[in-house]
Structure formats: structure tokens, C-alpha cells
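Presented below is the structure to which this report refers.
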Amino acid sequence: MSEALLEQALRRDRLIGIVAIVIIAALAWAYIIWLSFNMPMAPAPMPDMPDMPGMDMSGMEMTMPAVATWDPPRFALTFVMWAVMMVAMMLPSAAPMILLYARVGRSAAAQGRVFASASFFALGYVLAWTVFSLAAALGQFALTQAALLSPMAALSTPWLGAAALIAAGLYQWSPLKDICLQKCRAPLAFIQAHGGFKSNAGGAVRIGLRHGLYCIGCCWLLMALLFVGGVMNLLWVAALAILVLAEKVLPGGRWIARIAGAAFVAGGLGLLFLGGAA
């Protein structure tokens with residue numbers, strides 16, 4: 001294949017890859033938006049109670065902890081929600097790595113070498129976040145059973161929210177965050193450091209899984225902050241997704257992470273102070 005034809009094929013493959021990532025992420029976001037309006041997050045109905053003189057019961061259901069009994073279908077729905085949400089939030093930030101894998105694969109094919117499809121790499125990446133989603137669903141189950149979540153799946157105790165914000169903020173400045181974020185920001189160096197591009201599907205899945213694990217190391221406490229603003233709070237979900245994307249792809253991503261960390265600590269201390277004052 002001539003150089004001009006190869007470059008044309010690479011541009012076409014890049015466009016196809018971008019379109020595929022955009023479509024998958026858009027479908028995931030569409031599901032999350034639909035779910036935010038349809039998922040039964042409210043607690044189980046309470047027995048009728050007589051009105052108390054001088055007490056306004058309006059809006060009380062939005063601040064009460066969610067104490068509904070969790071059965072297998074509800075847990076499965078929550079797990080699917082988390083898995084799709086992680087695809088919606090994390091797949092755009094993994095796009096540079098996936099596109100690089102596809103580009104190198106096409107170049108190698110033109111030279112008579114065979115590398116596994118980038119879709120296997122993406123599968124391993126998504127698999128890592130699917131395992132994380134299971135842990136997140138279990139965490140939501142535990143918090144619900146302990147009556148620590150509101151119907152919007154937000155922590156109903158201010159000091160817990162404050163602790164989560166402070167912990168996430170401090171983690172943004174930690175050496176482990178630095179290491180994991182660097183792996184996410186340098187796709188080619190990451191692949192070369194872990195054995196290079198793979199010719200078999202299993203190897204591509206494994207390296208995608210490993211990349212996903214580094215991404216989890218980078219962002220797991222940011223994902224835990226979903227319980228602070230509310231798992232079903234679309235603006236909060238979108239804000240965290242934008243932060244993750246900015247950390248990984250914009251110049252100065254490390255300082256973006258640190259500035260966000262300082263803001264989280266300040267927000268946690270403010271929430272702790274306001275909660276104590278209340």
C-alpha cells in the first residue's frame with residue numbers, strides 16, 4: 001500500500017473510531033438520562049400517618065434516607081446503571097488510547113504484520129470498569145441498607161459527604177494519583193511499557209484491562225463523589241465526567257487535578273462547618 005493510500009486509510013479509520021466512540025458514549029448518556037427520570041429511587045411507601053399539628057410534611061420524602069428493600073432485580077438494575085454510567089463517563093477519556101491502538105494496527109497491517117483489533121483493547125478497558133461498577137453497586141446497596149442515602153442516591157449525612165470530599169481532594173495530590181494519571185496521559189509510553197501492541201485478542205484485552213485498572217486508580221475517588229452530589233444528579237455526573245476528561249487530555253492535566261483537589265477539600269471543610277453549625 002502506498003503512503004498516500006495508507007494515510008487515507010488511517011484518516012478513514014480514525015473517523016470511524018471517533019464516530020463509534022461518540023455513538024456508544026451518546027447511547028450510554030441517553031440511557032442514564034432516561035434512567036434518571038424512570039429509575040425507582042424512592043423508599044418504600046410508609047404507612048399512613050396522621051398529620052402533626054404545625055408540621056409541614058411537603059418535600060420530606062426528598063430528604064428522607066432511602067430504605068427500600070433491595071431485591072435481585074433492583075440490584076441488577078443498579079449494577080447495569082453503574083456499568084453504563086462508567087462507559088458514558090470514562091470512554092471519551094480513553095479515546096486517545098483506543099484511536100492510537102487502531103492507528104498502529106492499521107499501519108502494521110499495511111506492512112504485513114497483524115495486530116489484534118482495537119475493539120479488543122476497548123473491551124478490556126470496559127471490563128475493568130464493569131468490575132468497578134459491581135463494587136459501586138455493592139457500595140450503594142450497603143449505604144442504602146444503612147439508611148445513609150437519600151432517594152436521589154446522595155449521602156444523607158453531611159459529615160460523610162464532607163469526609164468523601166476531603167478524601168478525594170487529598171487523593172488528587174497523592175503520588176499514586178500522579179502515577180496513574182501519567183499512565184493515562186501517555187498512551188504510547190503505556191503500551192510500550194507493557195509489552196507493546198498485541199497480535200492476539202487475549203493480549204489486547206489484557207492490556208486494555210491493565211489500562212482500565214490504572215484509570216480506576218486515577219479516578220475511583222472521583223467516582224465515589226457521585227454519592228456526594230447524587231448518583232442520579234445529571235449535572236453532577238456530567239461535571240465529574242468533564243473533570244476526568246480534562247485531567248487526561250488537556251495540557252496541564254496534573255494541575256487541573258490538583259486545583260480540583262483543593263476545591264474538593266475546601267468544599268468538604270465548608271460542608272463540615274455548615275453541618276456542625278446546623
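The values are calculated or read from the model by the stated rules, or taken from the named source; none is laboratory data. Nothing here was measured: the structure is a model prediction, and the numbers come from that model. Please note: Cβ atoms are built from the backbone with ideal geometry, for glycine as well, and neighbour counts cover all protein chains shown. Calculation scope for accessible area: heavy atoms of the full protein, side chains included, ligands and nucleic acids excluded. Shrake-Rupley method; radii C 1.70, N 1.55, O 1.52, S 1.80 Å.
Identify the residue in segment 107-130 that is of a type outside the set (G, A, S) and open to solvent by 60 Å² or more (accessible area, probe 1.4 Å) and, among all such residues, is modelled with the lowest pLDDT.
Among those that are of a type outside the set (G, A, S) and open to solvent by 60 Å² or more (accessible area, probe 1.4 Å), it is Q111.
I'd like to know if segment 236-258 contains one or more residues that are at positive phi, more than 19 Å from the chain's Cα centre (by Cα) and open to solvent by 50 Å² or more (accessible area, probe 1.4 Å).
no
Quick check on my filter: what residues within segment 202-236 are closer than 26 Å to S119 by Cβ and aliphatic (A, V, I, L, M)?
Across segment 202-236, the qualifying residues are A204, V205, I207, L209, L213, I216, M223.
Could you list, in sequence order, the residues of segment 72-86 that are touching a Phe, Trp or Tyr at 6+ places or on another chain (Cβ under 7 Å) and more than 15 Å from A142 (Cα to Cα)?
Once the filter is applied, which keeps residues that are touching a Phe, Trp or Tyr at 6+ places or on another chain (Cβ under 7 Å) and more than 15 Å from A142 (Cα to Cα), segment 72-86 yields V84, M86.
Of everything in segment 131-147, what is modelled with pLDDT of 90 or more and either touching a strand residue (DSSP E or B) at 6+ places or on another chain (Cβ under 6 Å) or open to solvent by 40 Å² or more (accessible area, probe 1.4 Å) (or both)? Give them in sequence order.
V131, L134, A135, L138, F141, A142, L143
Mind checking which residues of segment 267-278 are open to solvent by 60 Å² or more (accessible area, probe 1.4 Å) and of a type in the set (A, V, I, L, M)?
Within segment 267-278, L269, L272, L274, A277, A278 qualify.
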